[in-house]
Amino acid sequence: IEQSAYYNDKLAMLGKIAAAIAHEIRNPLTSIRGFIQLLRPDLAQLGKEEYAKIILQEINRANEIINEFLNSSKPTAPVKENIQVAALVKEVSLLYESEALLNGCMIESGGINPDIFISIDVKQIKQVLLNIVKNAMEALKTRSRDQQGFIRITAYLNDGKVSIMISDNGEGVEPGVLSRLFDPFFSTKAEGTGLGLSVSYRIIKNHGGTIQVESKLHEGTTFIVHLPVG
Ligand code: ADP
Ligand code: MG
């Protein structure tokens, strides 16, 4: 799937604005969070601890959106290091293990050939994998619970490239919108920013890689990230 220059310009402009205002929004949010935490015991005594929880949740959400905007503002050249793919994947799946448990689904990432190494900007590619796994987790949540939900991450060498494949058996994607998944702000979620995949797309492109998606409605989705080895 190719993305036009138009979208890259739009992302770059958005990034500049985001970077400029994020700082100004983060500071008040941090102080709001601090004071709510101080008030928590008092609210608990009044039987209103639930309110504190909601306020903190919403502050976290606002912070998450700011972080995603900021991520989209950094078209930085990758700073590459050599890393074992199995270790990278393990780290990503560990970060989601507790959430998977909580949601009653499984995240599997074993069996990757330990000899596969890749030269990448680890922070950036980790961000990509986290974005994709997060989406998979969200796709599992809304799925009807007739079957064990799973996310599988595998990696293999393929024609001089390392391919990292992330599959889920979640709700899947409507065929009509498959080509729009990587567009900035495209989201089918009530609370989605629609930035995760567009940012991921750009990071992969900066690495000289490609990303591929296949999906079947109500059956599941597979993303494959292809990255040059060195
Ligand atoms: P967001 O998650 O904020 O909606 P993303 O850019 O991460 O934005 O994803 C864009 C859209 O792609 C999602 O809203 C969803 O419709 C679709 N999508 C991405 N990954 C999956 C998946 N694993 N299963 C089903 N739909 C997905
Ligand atoms: Mg997302």
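Here, each number is a calculation from the coordinates, and none is a lab measurement. Just so we're clear, the structure is a prediction, and the values are computed from it rather than from any experiment. We place every Cβ from the backbone using ideal geometry, glycine too, and count neighbours over all the protein chains shown.
Given a Förster radius of 41 Å and the C-beta distance between D146 and K123 as r, what FRET efficiency does 1/(1 + (r/R0)^6) yield to the nearest 0.05?
Efficiency, from the Cβ-Cβ distance: 0.60.
Quick check: pseudo-label points 7 Å beyond the Cα along Cα→Cβ at L101 and S179, how many nm apart are they?
Distance between the two pseudo-spin positions: 4.4 nm.
What is the spin-label model distance, in nm, from L43 to E24 if the labels are put 7 Å beyond Cα along the C-beta direction?
2.7
Leaving out same-chain residues fewer than 8 places away, which lysines sit with a Cα under 28 Å from that of K141?
Here the lysines satisfying the reach criterion relative to K141 are K53, K90, K123, K126, K189, K216.
By how many nm would the segment from M165 to E58 grow when fully extended, if each residue of separation counts as 0.36 nm and the alpha-carbon distance is taken off?
35.3 nm
Mind putting a number on the dipole of the chain about its Cα centre? Charges go on the C-beta only, +1 for Lys and Arg and -1 for Asp and Glu, and I need it in Debye to the nearest 20.
440
Give me log10 I(q)/I(0) at q = 0.09, 0.15, 0.18 Å⁻¹ for region 92-226, Debye formula, one equal scatterer per alpha-carbon, no solvent.
With one equal scatterer per Cα and no solvent, log10 I(q)/I(0) is -0.25, -0.72, -1.06.
Treating only the Cβ of Lys, Arg, Asp and Glu as charged (+1, +1, -1, -1), what charge dipole size does region 108-164 show about its Cα centre? Round to the nearest 20 debye.
Computed about the Cα centre, the dipole is about 280 debye.
If you add up the charges near T222, with Lys and Arg at +1 and Asp and Glu at -1, over every other residue whose beta carbon is less than 10 angstrom from its beta carbon, what do you get?
0
Which one, V177, Q37, V162, projects farthest toward the positive side of the charge dipole computed for the chain from Cβ point charges (K/R +1, D/E -1)?
Q37
What is the angle, in °, between the Cα long axis of helix 49-71 and the longest principal axis of the Cα atoms in the chain? Nearest 10 is fine, range 0 to 90.
40
Summarise the long-distance tail of P(r) for the chain by giving the % of C-alpha pairs beyond 24 Å.
52
Suppose every K and R has +1 on its Cβ and every D and E has -1 on its Cβ; what is the size of the dipole of region 124-230 about the Cα centre, in Debye to the nearest 20?
Here region 124-230 has a charge dipole of around 280 debye.
Pop the C-beta distance of S187 and D115 into the FRET formula with R0 = 45 Å and round what comes out to the nearest 0.05.
Working: r = 38 Å, r/R0 = 0.85.
The calculated FRET efficiency here is 0.70.
Based on DSSP H runs of at least 4 residues, each adding -39500 (n - 2.57), what is the mean residue ellipticity at 222 nm of the chain after dividing by all its residues, to the nearest 500 deg cm²/dmol?
-17000 deg cm²/dmol
If you take the beta carbon distance between N82 and K216 as r and set R0 to 45 Å, what does 1/(1 + (r/R0)^6) give as a FRET efficiency, to the nearest 0.05?
Plugging the Cβ-Cβ distance into 1/(1 + (r/R0)^6) gives 0.80.
For region 106-130 and region 157-218, what is the separation of their Cα centres, given in Å?
16
Would you be so kind as to identify which of P28, L46, T142 lies farthest towards the positive end of the dipole of region 23-165, taking Lys and Arg as +1 and Asp and Glu as -1 on Cβ and the Cα centre as origin?
Of the options given, the answer is P28.
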